[in-house]
1. Rounded to the nearest angstrom and ordered from largest down, what semi-axes does the equivalent ellipsoid of the chain get from its C-alpha gyration tensor (root of 5λ)?
2. Rounded to a whole number of µm²/s, how large is the Stokes-Einstein D of the range 374-509 at 20 °C and 1.002 mPa s, given Rh as the Kirkwood radius over C-alpha pairs?
3. Mind listing which trypsin sites (Lys or Arg not before Pro) in the range 64-143 are in a DSSP loop and have 12 or fewer other Cβ atoms within 10 Å?
4. Can you give me the C-alpha center-to-center distance between the range 252-269 and the range 47-87, rounded to a whole angstrom?
5. Give me a comma-separated list of calculated 3J(HN,Hα) values for the range 397-410, in order, Karplus coefficients 6.51, -1.76, 1.60 applied at θ = phi - 60°, integers in Hz, x for any Gly or Pro.
6. Kindly provide the pair-distance distribution of the range 62-190 built from C-alpha pairs, with 5 Å bins from 0 and whole-percent values in order of increasing distance.
7. Could you give the Stokes-Einstein D for the range 279-348 in µm² per second, using the C-alpha Kirkwood radius, 20 °C, 1.002 mPa s?
8. Strictly greater than 16 Å: what percent of every Cα pair in the range 244-320 meets that?
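Computed from the coordinates by the stated procedures, all read-outs in this text should not be read as laboratory data. Everything quoted here is computed from the prediction, not taken from an experiment. Note: ideal-geometry Cβ built from the backbone for every residue, glycine included; neighbour counts use all protein chains shown.
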Amino acid sequence: MKKFIVYMALFCSSVLSSMGQEVAFNWPYQVKDGTIVTEVPQRPAGQQSALGLTAPKMKTVRVGFVGLGMRGPGAVFRWTHINGTEIKALCDYEAKRAEACNKYLRDASMPPADIYSGEEGYKKLCERKDIDLVYIATDWLHHFVVAKYALEHGKHVAIEVPSAMSMSEIWSLINLSESKRLHCMMLENCCYDFFELNSLNMAQHGVFGEVLYAAGAYRHDLSDFWDAYWKKDADDKLGWRLDYNKKFRGDVYATHGLGPIAQALDIHRGDRMTTLVAMDTKSVNGKMWAEKLSGKACTDFANGDHTVTLIRTEEGKMLEIHHNTMTPQPYSRMYQLVGTTGFANKYPMEGYALSGAEMKKAGVTPSADDLSGHSYMSAADRKALEKKYESPIIARYEAKAKEVGGHGGMDFIMDSRLVYCLQHGLPLDMDVYDLAEWCCLAELGSVSMNHGCMPVAVPDFTRGQWNTVKGYRHAFATPEEEAEVDKASAEFTAKLKEKGAKYWKKAKK
Ligand SMILES: NC(=O)c1ccc[n+]([C@@H]2O[C@H](COP(=O)([O-])OP(=O)(O)OC[C@H]3O[C@@H](n4cnc5c(N)ncnc54)[C@H](O)[C@@H]3O)[C@@H](O)[C@H]2O)c1
């Protein structure tokens, strides 16, 4: 067939600058054979892939936090419960928010952290020599600017979701992580929830056969939150999150739904997302919120109340991702795995479906031989299956995660795994290519919808290496190495607490 190639050099020029940062959906693309293809920048000569990237082992992980609004303080609290870490600095635009977080260090008998504030306070934090990791929980417009500066100053970065808002930010972070040989991880906590971790372990052991279809979502009515997000000044009526939704179409918060299923489908570890198509509803409640908070008529709210993205993979699998933060509905991340021999589902009903024969193949004795894959298995069967396939990560962290908390414990497990991998010099659970794949739905979905829901090619962010690693796996140290690091970390933290106790006693006088 004659190839029909139209070069369009189109620019969909949504630019958000009202909050002092420039974010734009303007990555170059062309239309080839009815599919939109975005530009893939060449890897600069001499630059290596960051696949399997490791950094020298760290005895202690010294961290600085940037962005301490509703989300950030919980991270500071959690880190005071992780041995072998030291919180060196706290930064927020508003000094009071940063200062308030020193209470968690005081409660844990740890020395106080240094405080930074203002629009560019993070720069001084990133320039410090005694910080290994910058942990970023600002509004979306500051994720990239802070991460870029931190990477340029030799720091590993962990960035809240979504870590990058546009293709331009995504490719910049990839190039920075590759060229600086520094970790750039998205803090996708939903990969560490109990049902997802156990189901991932089952998928990795073939319990569901070949997983062909997976669904994920962020369906969360944010009515209680729209007015609570940070507002820069009196002129900022909407707050950053509603403002962003007003200006940008596409799934701007895809990662909670996509992350856990992408891991189960071995994305860039043997398979890759090749094409996506997005579709949304008109905006009704989004507009209503903009009018309510601004007191003005709103005619141009870009983000649909409900957005769906369908993604096809190289291996002929399919992913379906939903985003809806606008309408009343029970909270749901969907999370569904449909395999050739089994099924897992989390919302609205949690459970597994396998036949008796498949249960036996999986090494579990079913309660009845005629157990059918047509319905959810009983609680007893599920318990037996989960016991056999308990994730080693849950086995190690469950008790403490439930005590410390953070979305039921998954946030603590995420932070603990990050520290574990850094201490043992292992590849992190999520690399910069995961970040890229899970964040690209925003701009690519927007481009798809702006062209009548045209298919968009999802670029190979690994630039040729998506099939080098066979199967997604978490990295682990040996039990001996674990014991040694755990002991040294406990000793370090005990000494730090002695120092902190002295400081706070003196400060009280
Ligand atoms: N993973 C999860 O489950 C989860 C849950 C909630 C929020 N989040 C993410 O966490 C991030 C923060 O969300 P939030 O609810 O805390 O928002 P928020 O509006 O409560 O807080 C944002 C904070 O960023 C600060 N900030 C703005 N500019 C800054 C700058 N230049 N330097 C330092 N600080 C700056 C603001 O002062 C504010 O305190 C967002 O990316 C959000 O998507 C993730």
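1. On the way: eigenvalues 228, 198, 107 Å².
With the √(5λ) rule applied to the chain, the semi-axes are 34, 31, 23 Å.
2. Working: Rh = 19.7 Å.
Estimated diffusion coefficient is 109 µm²/s.
3. Numbers: sites: 71, 78, 88, 96, 97, 103, 106, 123, 124, 128, 129; in loops: 71, 128, 129.
Passing sites in the range 64-143 are 129.
4. 22 Å
5. 10, 3, 4, 5, 4, 6, 6, 7, x, x, 6, x, x, 5
6. 2, 12, 24, 25, 20, 12, 4, 1, 0
7. On the way: Rh = 14.6 Å.
Stokes-Einstein gives a translational diffusion coefficient of 147 µm²/s.
8. Details: 1679 of 2926 pairs.
So the portion of pairs separated by more than 16 Å is 57 percent.
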